[in-house]
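Trainee: Let me begin by handing over the structure; questions about it come next.
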Amino acid sequence: MEIRGLEKLSFRERQAVILKESGLPVDKIAKRLNLSPSSVSTLLARAKSKGYQIVCIIPEEQLNLGGEPWDEESEEEG
């Protein structure tokens with residue numbers, strides 16, 4: 001997973017976003033950062049408004065497609 005646009009976020013927003021995107025719910029993020037759940041929600045809303053993006057890169061072997069790598073030219077010939 002890659003988070004693009006982190007440079008636009010404050011340190012606390014980055015912490016909240018990384019924990020959220022790691023799968024933690026707001027209440028656990030709040031406890032971990034020693035904040036109230038409403039403060040975490042505010043941080044996440046601010047971060048979202050600044051436009052960060054999550055990019056998921058899946059290794060080819062995890063796609064279970066098997067076989068030879070796809071070749072567009074040989075597909076057209078066959």
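Each reported figure results from applying straightforward, stated rules to the coordinates on display, with no laboratory input. Only a predicted model underlies this, so the values are computations on that prediction, with no experimental measurement involved. Using ideal geometry, Cβ is built from the backbone for each residue, glycine included, and neighbour counts are taken over all protein chains shown.
Trainee: Out of the range 26-55, which residues are over 15 Å from Leu9 (Cβ atoms) and assigned to a strand (DSSP E or B)?
Mentor: Val55, the sole residue that qualifies.
Trainee: A follow-up question, please. Out of the range 22-58, which residues are surrounded by fewer than 13 Cβ atoms within 10 Å (Cβ to Cβ) and touching a residue at least 24 places away in the same chain (Cβ under 8 Å)?
Mentor: Scanning the range 22-58 gives Gly51, Gln53, Ile54, Val55, Cys56, Ile57.
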